[in-house]
Amino acid sequence: MSRIYDFIGAVGKLGIQQLSRRNLPTTNGKIRLKGIKEKVRIVRDEWGIPHIYAKNLMDLAFAQGFCHAQDRLWQMELNRRVAKGTLAEIFGAEALPVDIASRTFGFHRIGNQDIQLIQPKLTGLLDAYMKGVNASVKRQLKKLPVEFTLAGFAPDYWTLEDMMAFSRLMAWQLSHAWQGPLLRSRLIDKVGALPANELEMHYPENNPSILPTGTIINPLESVVLQGANRDPLKTGNGSNSWVLGGEKTNTGSPILCNDPHLGLSAPAIWYENHLHCPELHVTGVTIPGFPMVLVGHNEHISWGVTLAFTDCEDIFVEEFKGNGSYEYLFKGKWKRAELIQEAFEVKGEEERHFEKIVLTHHGPIISEVADYSHKRIALQSMALRPAPLLQSWWQLNTATCWKDFVHAMSFMKAPQMNIIYGDTKGNIGYWLTGQVPIRAKGDGRLPVSGSSGEFEWTGVVPFMEMPHALNPAKGYIITANNKAVTNDYPHHLGHAWMNGFRANRLEALIGHRSQLTLQDCKQMQLDWQCLSGELFVKEYQVVAKQFRSKDPLFKKALYRFCNWDGLLDARSVGGCIYELTRFYLLKELFQNELGEELTYSLIGRGFHPILNPTTEFQGHDIQTILRLLKNEDSWWLKKAGGKVVVLEKALQKAVNYLQESLGSNIADWQWGALHKAIFPHAMGVKKPLDKVFNVGPFPIGGDGETPWQVCNVGGSEFPNQKVTSASWRQIIDLSDFSKSQAVLPPGQSGHIASAHYKDQVDLWLNGQLRPMLWTKQQVKQYAVDVLVLGKKKK
């Protein structure tokens with residue numbers, strides 16, 4: 001059956017590629033379009049990356065929208081449908097739950113409110129971008145990407161409402177902390193408060209914070225003085241990333257590195273653009289559907305981003321008057337909830353589906369979509385409040401100095417991110433963005449009463465009191481989703497930081513070194529050392545002599561495991577045994593008491609594979625295990641039979657699985673045999689289309705704690721192919737931007753027949769980077785195609 005399936009996939013791939021080849025976009029020659037004022041040159045290099053040269057800003061935005069739609073129209077279509085809750089129109093009833101959830105959270109509603117906050121100049125830029133998208137859509141209607149043919153529909157023209165709804169979806173997906181309270185509540189209901197508390201997230205004491213002890217969180221005037229030796233400021237208005245000050249580099253100028261860890265996909269989440277006009281010169285990655293650049297550099301500054309994991313969301317348990325009532329209690333009085341009736345078109349069904357969305361002053365009632373129907377719960381989220389989200393990126397794209405950078409950060413109300421900074425004058429800096437609530441009571445860990453009024457948000461942490469730094473004394477800044485501040489910081493930012501092992505490893509690699517080069521930075525991005533695995537092995541080394549197993553293969557595996565050096569590359573045998581043993585230990589410790597579903601939620605599986613596939617508990621299981629193993633009185637250890645018993649059981653089950661799956665020769669038990677990277681396409685969910693559209697799988701090393709992160713999503717089973725990893729790598733040389741390097745897997749194009757659909761996969765897998773072209777001379781050297789957009793004659 002497998003061979004037949006592979007054969008059908010291979011034949012289908014040839015046919016679909018042939019159809020796709022006929023519909024590839026025009027990238028050479030001249031096109032006249034309505035909406036262009038002056039000629040625009042779009043030079044595509046040997047990786048298919050467009051370098052856009054315009055004579056004015058509006059034409060530049062138009063051309064960027066045109067390119068986005070040329071290469072990624074299908075991706076853009078799916079993204080706006082997820083954001084607006086219209087997937088069921090094309091995919092039928094199976095997509096309806098996604099639509100209901102999307103409209104319950106209200107991305108389209110809040111996006112429409114955001115439109116009112118857009119400043120006039122930005123409105124013109126967004127309008128020009130939309131015109132460019134729609135000019136491309138119009139040209140493609142007779143030669144649409146092959147996915148539209150397979151799905152049997154054509155796209156509508158794009159609107160500003162589409163863009164803003166999608167921007168809201170993205171902001172919300174990158175925000176955190178609403179799923180944790182529900183999980184904690186379920187754990188307490190299942191096993192009681194004390195055992196549940198043992199599973200709470202705790203940041204390891206030995207892992208670093210972004211801002212170490214002694215870093216001062218200053219008002220702007222003090223920050224100006226702190227950086228006065230380099231770039232005096234006038235008064236007035238993470239994933240992995242690090243920025244090195246000139247004293248740490250071989251050039252004497254900063255180097256800025258970033259590799260955002262997101263779910264791998266085909267096409268890539270990001271789209272690389274180089275934009276040039278008299279008002280703007282910037283390069284880096286964008287997201288199709290938005291103008292400008294989200295990560296990269298302009299002529300003066302560079303920046304990178306990682307998720308901050310601050311707690312900006314709470315769950316409120318609302319008390320309604322009765323079944324079917326829309327009145328809810330607040331501070332002893334009944335308030336009327338807002339009721340919105342949403343209608344859904346469903347492919348294959350004659351009648352529309354209707355849902356009632358209920359909004360309290362805290363936020364939408366999400367009980368049904370969150371599978372928590374026994375209580376009426378509302379989600380209050382900073383990501384679900386109107387804000388000028390795109391204004392912050394415009395200010396960042398045009399920033400020339402630290403003052404401008406800070407001004408840009410002030411607009412970024414959501415999502416919560418670590419943004420690092422470097423400039424050509426030698427300054428380095430950092431700002432934790434996104435508003436964080438000040439709570440009248442409580443810390444957000446559990447659902448709280450919505451009726452009492454005791455747990456209301458009374459304000460936000462003041463912008464100038466958010467963690468930030470300019471030119472820190474140690475000469476560098478690292479962010480790896482780790483804890484942002486030490487315990488003496490005056491405001492509560494949450495408990496959901498990632499475990500900090502990647503940051504710890506990067507500190508060791510940077511630390512006291514100087515004269516660091518671009519090559520050194522590249523090696524850091526490719527590092528496979530697993531510090532958490534080293535700690536885990538030590539637990540086995542202590543008790544190994546107490547194991548009773550007589551199985552020769554078990555003994556060989558134990559020896560190999562206990563002598564593992566922590567290097568978790570694709571060929572690692574010790575690392576493979578570690579990962580399987582860790583997995584089975586989680587099951588031995590938790591599954592008997594919690595059941596499978598709750599255990600996987602604890603490991604990090606989110607409420608929905610499309611909208612939110614992971615929770616803030618993702619990656620915390622290893623630190624929980626290490627903590628429990630140190631506590632002989634742990635309720636969980638006692639339930640599992642004690643430390644020695646449960647460690648032996650877990651290793652034995654790992655050995656049994658490996659023998660069954662990979663044979664009895666331990667040398668074949670390599671991590672890459674079970675751990676693979678795949679770039680899934682949306683069409684790949686239907687077999688045999690996965691053989692046609694998906695890229696991979698590829699054997700790969702790493703896990704959630706290695707600097708080259710390749711993390712299993714939501715504790716998925718083995719062999720594993722659902723991973724988050726470096727979705728973009730950049731190394732920016734502030735001494736000479738033309739020496740900067742990058743890679744975008746799997747490639748630039750969304751067309752399966754394009755040479756650029758997967759032409760950067762091998763570079764990415766082999767740890768290689770390519771030039772991040774900047775000067776006109778560089779672009780000319782690597783130019784392959786030139787397309788000129790001109791004004792349409794009347």
Subject >> residue 253 vs. criteria in contact with a helix residue (DSSP H, G or I) (Cβ under 8 Å, 6 or more places away or on another chain), farther than 25 Å from residue 722 by Cα and hydroxyl-bearing (Ser, Thr, Tyr) >> reply: yes
Original post:
part of a loop (DSSP other than H, G, I, E, B), open to solvent by less than 20 Å² (accessible area, probe 1.4 Å), under 24 Å from residue 310 (Cβ atoms) and not polar (S, T, N, Q), is that true of residue 182?
Top reply: no
Original post:
Is it the case that the range 162-179 has a residue that's modelled with pLDDT of 95 or more, over 30 Å from residue 636 (Cβ atoms) and in contact with a His (Cβ under 7 Å, 6 or more places away or on another chain)?
Top reply: yes
Original post:
Do you know which residues across the range 622-675 are open to solvent by less than 70 Å² (accessible area, probe 1.4 Å) and small (Gly, Ala, Ser)?
Top reply: 634, 640, 641, 642, 650, 654, 661, 663, 667, 672, 673
Original post:
Only one of (1) closer than 30 Å to residue 82 by Cβ; (2) open to solvent by less than 40 Å² (accessible area, probe 1.4 Å) is not met by residue 691, so which one is it?
Top reply: (2)
Original post:
Assuming residue 143 fulfils every condition listed in (1) within 24 Å of residue 284 (Cβ to Cβ); (2) modelled with pLDDT under 95 apart from one, which condition is it?
Top reply: (1)
Subject >> Qualifying position, being in a helix (DSSP H, G or I) and not hydroxyl-bearing (Ser, Thr, Tyr), among 469, 408 >> reply: 408
**OP:** Please tell me if residue 378 is touching a His at 6+ places or on another chain (Cβ under 9 Å) and surrounded by 23 or more Cβ atoms within 10 Å (Cβ to Cβ).
**Re:** yes
Subject >> Residues of the range 694-722 satisfying the condition of being more than 22 Å from residue 565 (Cβ to Cβ) and either buried (at least 24 other Cβ atoms within 10 Å of the Cβ) or hydroxyl-bearing (Ser, Thr, Tyr) (or both) >> reply: 716
Subject >> Complete set of residues in the range 211-244 that are among the β-branched types (Val, Ile, Thr) and modelled with pLDDT of 95 or more >> reply: 243
Subject >> Search result, residues across the range 432-447 that are outside any loop (DSSP other than H, G, I, E, B) and open to solvent by 50 Å² or more (accessible area, probe 1.4 Å) >> reply: 438
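On the given criteria, is residue 101 over 28 Å from residue 756 (Cα atoms) and either small (Gly, Ala, Ser) or buried (at least 24 other Cβ atoms within 10 Å of the Cβ) (or both)? Talk me through it step by step, then tell me what you get.
Working: over 28 Å from residue 756 (Cα atoms): yes; either small (Gly, Ala, Ser) or buried (at least 24 other Cβ atoms within 10 Å of the Cβ) (or both): yes.
It is true that residue 101 is over 28 Å from residue 756 (Cα atoms) and either small (Gly, Ala, Ser) or buried (at least 24 other Cβ atoms within 10 Å of the Cβ) (or both).
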**OP:** At least 2 residues that are within 30 Å of residue 280 (Cβ to Cβ) in each: list the helices (runs of 4 or more DSSP H) lying fully within the range 83-130 that qualify.
**Re:** 107-115
**OP:** Please specify each residue of the range 731-742 satisfying the condition of being within 27 Å of residue 569 (Cβ to Cβ) and either open to solvent by less than 10 Å² (accessible area, probe 1.4 Å) or assigned to a loop (DSSP other than H, G, I, E, B) (or both).
**Re:** 731, 732, 740, 742
Original post:
Restricted to the range 461-499, and to residues that are open to solvent by less than 10 Å² (accessible area, probe 1.4 Å) and in contact with a Lys or Arg (Cβ under 6 Å, 6 or more places away or on another chain), which residue is nearest to residue 176 (Cα to Cα)?
Top reply: 480
Subject >> Pair list, Cβ < 7 Å and 6+ apart or interchain, from the range 766-794 residues that are over 22 Å from residue 39 (Cα atoms) and at pLDDT 95 or above to residues that are aromatic (Phe, Trp, Tyr) and assigned to a loop (DSSP other than H, G, I, E, B) >> reply: 770/47
Original post:
Before we move on, is residue 760 of a type outside the set (A, V, I, L, M, F, W, C) and open to solvent by less than 10 Å² (accessible area, probe 1.4 Å)?
Top reply: yes
Subject >> Residues (open to solvent by 90 Å² or more (accessible area, probe 1.4 Å) and either of a type in the set (Ser, Thr, Tyr) or within 27 Å of residue 614 (Cβ to Cβ) (or both)) located in the range 328-375 >> reply: 368, 371, 374
**OP:** Note down all Cβ pairs under 9 Å where the first residue falls in the range 243-262 and is among the acidic types (Asp, Glu), the second is part of a loop (DSSP other than H, G, I, E, B), and they're at least six residues apart or on different chains.
**Re:** 247/475; 247/514; 259/239; 259/707; 259/708; 259/709; 259/727; 259/728
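If you take the residues of the range 143-163 that are among the aromatic types (Phe, Trp, Tyr) and in a loop (DSSP other than H, G, I, E, B), which of them is surrounded by the most Cβ atoms within 10 Å (Cβ to Cβ)?
Going residue by residue through the range 143-163, those that are among the aromatic types (Phe, Trp, Tyr) are 148, 153, 157-158.
Within this subset, residues satisfying the condition of being in a loop (DSSP other than H, G, I, E, B) are 153, 157-158.
Working: 153: 13, 157: 13, 158: 25.
Ranking the qualifying residues of the range 143-163, first place goes to 158.
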Subject >> Filtered residue count, the range 450-460, keeping only those that are in a loop (DSSP other than H, G, I, E, B), open to solvent by 10 Å² or more (accessible area, probe 1.4 Å) and at negative phi >> reply: 5
Original post:
Hey, any hits in the range 13-25 for a residue that's open to solvent by 30 Å² or more (accessible area, probe 1.4 Å), farther than 19 Å from residue 73 by Cα and either at pLDDT below 75 or part of a loop (DSSP other than H, G, I, E, B) (or both)?
Top reply: yes
Subject >> Output for the range 38-56, where each listed residue is assigned to a loop (DSSP other than H, G, I, E, B), surrounded by fewer than 19 Cβ atoms within 10 Å (Cβ to Cβ) and either at pLDDT below 95 or out of contact with any helix residue (DSSP H, G or I) (no Cβ under 7 Å at 6 or more places or on another chain) (or both) >> reply: 39, 55, 56
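For the structure I just gave you, tell me whether residue 205 is among the acidic types (Asp, Glu), open to solvent by 10 Å² or more (accessible area, probe 1.4 Å), closer than 30 Å to residue 432 by Cβ and in contact with a helix residue (DSSP H, G or I) (Cβ under 9 Å, 6 or more places away or on another chain).
No: the conditions fail for residue 205.
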**OP:** Kindly list the number of the only condition in (1) over 23 Å from residue 772 (Cα atoms); (2) in contact with a helix residue (DSSP H, G or I) (Cβ under 6 Å, 6 or more places away or on another chain); (3) open to solvent by less than 30 Å² (accessible area, probe 1.4 Å); (4) not β-branched (Val, Ile, Thr) that fails for residue 745.
**Re:** (1)
**OP:** May I ask you to list pairs of residues, at least six apart or on different chains, whose Cβ atoms are under 7 Å apart, with the first in the range 350-371 being in a strand (DSSP E or B) and the second being basic (Lys, Arg) and open to solvent by 30 Å² or more (accessible area, probe 1.4 Å)?
**Re:** 365/376
Original post:
Of the residues 523, 519, 541, which single one is more than 27 Å from the chain's Cα centre (by Cα), among the polar types (S, T, N, Q), open to solvent by 50 Å² or more (accessible area, probe 1.4 Å) and modelled with pLDDT of 95 or more?
Top reply: 541
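The values are calculated or read from the model by the stated rules, or taken from the named source; none is laboratory data. All values derive from a computational prediction rather than experimental measurement. Every residue, glycine among them, receives a Cβ derived from its backbone with ideal geometry; neighbour counts consider all protein chains shown. Calculation scope for accessible area: heavy atoms of the full protein, side chains included, ligands and nucleic acids excluded. Shrake-Rupley method; radii C 1.70, N 1.55, O 1.52, S 1.80 Å.
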